[in-house]
Amino acid sequence: MPLDQVDIDELDMGQSKKKEMSFIDHLEELRWMILRSLLAIVLCTIAVFAFKGFFIETVIFGPSTPEFVGYEIICNFSQKVLKGDKLCFSNTISMQNPKMVGQFLTHFKMSFVMGFVLAFPFVFWQVWKFIRPALYKNELTAMRGIVFFAWFFFIIGIMFGYFLILPFSMNFLANYILSDNIQNLNTIGDYTGFITMVSLGAGLMFELPMVIYMLAKIGLVTPKFLRKYRKHAVVILLFVAAMITPPDVITQILIGLPVYLLYELSIFVAAWVQKKQPSNG
């Protein structure tokens, strides 16, 4: 059950109390919100850190082996839909550790990243609790389920980046040869940094409908504005997407199509918000 499914009347009572709070009280509440969020991230990080074998070998280094489930998904699609093996990859990426503390820091860093992903619903709920009392009753009703949908789009984006974008990116980069005289020496930091950038980058991009929803609620964007500057926005979004993916055609299509669909969904969301807006008290 979504964390923000609470009684609206109770929130209205808290709303008047919130408005009477002093600036210092707001800062104190903000401080506790940050501390609770950090504690959740730390606890999730410790939990992930403890499962070193599965997390490191299967999740982190999985894309560096031919047995990666993402490669299998794409290969099955290629064989059944495209009737060929053109998209069947079998990459083996070896890595080096140039620093004494490199492996430990990598373990900690990636555990922290996964800890943040796992704690994201709670962290977002804490932020939502902080800003919720300032909203009107009809706004609270309209924004029910926001924590769930923010988490949903974030996780779907991460899975899309990890299981689909990452295999194509790995295949392109692993087989890109500038010269036969150059040998690739991949460091563990480069590898983990790349998969983090692709996966989290996709997760954040999938938050676009939620961002538009928030901006539409406060009147900064309208569906008319989004339609007018559709081409400009899509170009900018594709440029941002290109920053987290290699410049091969298939990968760009894979990231470009969802970005466009997300933008169209955002226009629909903004139109829905505008339709509800006149009832704002």
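The values are calculated or read from the model by the stated rules, or taken from the named source; none is laboratory data. All values derive from a computational prediction rather than experimental measurement. Quick reminder, even Gly has a Cβ in these numbers, built from the backbone with ideal geometry, and neighbours come from all protein chains shown.
Of all the residues in the range 182-198, those that are modelled with pLDDT under 90, polar (S, T, N, Q) and either in a helix (DSSP H, G or I) or exposed (fewer than 15 other Cβ atoms within 10 Å of the Cβ) (or both) number 2. Evaluate the range 138-158: report whether one residue or more is of a type outside the set (Asp, Glu) and over 25 Å from the mean Cα position of the chain (by Cα). Yes - at least one qualifying residue is present in the range 138-158.
Does residue 13 meet the test of being at pLDDT 80 or above and either more than 25 Å from residue 158 (Cβ to Cβ) or not β-branched (Val, Ile, Thr) (or both)?
Details: at pLDDT 80 or above: no; either more than 25 Å from residue 158 (Cβ to Cβ) or not β-branched (Val, Ile, Thr) (or both): yes.
No; evaluated as a whole, the condition is false for this residue.
For the range 37-50, the count of residues that are at pLDDT below 90, surrounded by 14 or more Cβ atoms within 10 Å (Cβ to Cβ) and closer than 27 Å to residue 192 by Cβ is zero.
For the range 73-86, which positions are without any contact (Cβ under 8 Å) to a residue 24 or more places away in the chain and either among the aliphatic types (A, V, I, L, M) or surrounded by 13 or more Cβ atoms within 10 Å (Cβ to Cβ) (or both)? Write out each step before concluding.
Filtering the range 73-86 for residues without any contact (Cβ under 8 Å) to a residue 24 or more places away in the chain gives 75-86.
Once the filter is applied, which keeps residues that are without any contact (Cβ under 8 Å) to a residue 24 or more places away in the chain and either among the aliphatic types (A, V, I, L, M) or surrounded by 13 or more Cβ atoms within 10 Å (Cβ to Cβ) (or both), the range 73-86 yields 75, 77, 78, 79, 81, 82.
Scanning the range 150-206 for residues that are of a type in the set (Ser, Thr, Tyr) and touching a Pro at 6+ places or on another chain (Cβ under 7 Å), we see that the one that is farthest from residue 125 (Cα to Cα) is 187.
Filter the range 181-202 down to the residues that are of a type in the set (S, T, N, Q) and out of contact with any Ser or Thr (no Cβ under 8 Å at 6 or more places or on another chain), then identify the one that is nearest to residue 254 (Cα to Cα). Of everything passing the filter in the range 181-202, 199 is nearest to residue 254 (Cα to Cα). Within the range 211-245, the set of residues being closer than 25 Å to residue 169 by Cβ and part of a helix (DSSP H, G or I) comprises 211, 233, 234, 235, 236, 237, 238, 239, 240, 241, 242, 243.
Would you say residue 179 is outside any helix (DSSP H, G or I), out of contact with any Leu (no Cβ under 9 Å at 6 or more places or on another chain) and of a type in the set (Ser, Thr, Tyr)? I'd like the intermediate steps shown before the answer.
Details: outside any helix (DSSP H, G or I): yes; out of contact with any Leu (no Cβ under 9 Å at 6 or more places or on another chain): yes; of a type in the set (Ser, Thr, Tyr): yes.
The answer is yes for residue 179.
Kindly establish whether residue 126 is in a helix (DSSP H, G or I) and over 20 Å from residue 200 (Cβ atoms).
No: the conditions fail for residue 126.
Is one or more of the residues making up the range 132-150 closer than 30 Å to residue 89 by Cα and surrounded by 17 or more Cβ atoms within 10 Å (Cβ to Cβ)? Full working, then the answer.
Filtering the range 132-150 down to residues closer than 30 Å to residue 89 by Cα leaves none.
The answer is no, given that none of the residues of the range 132-150 is closer than 30 Å to residue 89 by Cα and surrounded by 17 or more Cβ atoms within 10 Å (Cβ to Cβ).
For the condition touching a Pro at 6+ places or on another chain (Cβ under 8 Å) and either more than 30 Å from residue 193 (Cβ to Cβ) or modelled with pLDDT of 75 or more (or both), what is the one hit in 265, 238, 220?
Details: 238 fails: touching a Pro at 6+ places or on another chain (Cβ under 8 Å); 220 fails: touching a Pro at 6+ places or on another chain (Cβ under 8 Å).
Of 265, 238, 220, the one residue that is touching a Pro at 6+ places or on another chain (Cβ under 8 Å) and either more than 30 Å from residue 193 (Cβ to Cβ) or modelled with pLDDT of 75 or more (or both) is 265.
If you go through the range 53-72 one residue at a time, how many are surrounded by fewer than 14 Cβ atoms within 10 Å (Cβ to Cβ) and assigned to a helix (DSSP H, G or I)? Before the answer, list the steps.
Start the filter on the range 53-72 by keeping residues that are surrounded by fewer than 14 Cβ atoms within 10 Å (Cβ to Cβ), which leaves 53-54, 57, 66-67, 69.
Now restrict to residues that are assigned to a helix (DSSP H, G or I): 53-54, 57, 69.
Total meeting the criteria: 4.
Pairing residues of the range 250-274 that are crowded, with 17+ Cβ neighbours inside 10 Å with residues that are hydroxyl-bearing (Ser, Thr, Tyr) and assigned to a helix (DSSP H, G or I), at Cβ distances under 7 Å and at least 6 apart in sequence or on separate chains, gives 251/169; 269/213; 273/213.
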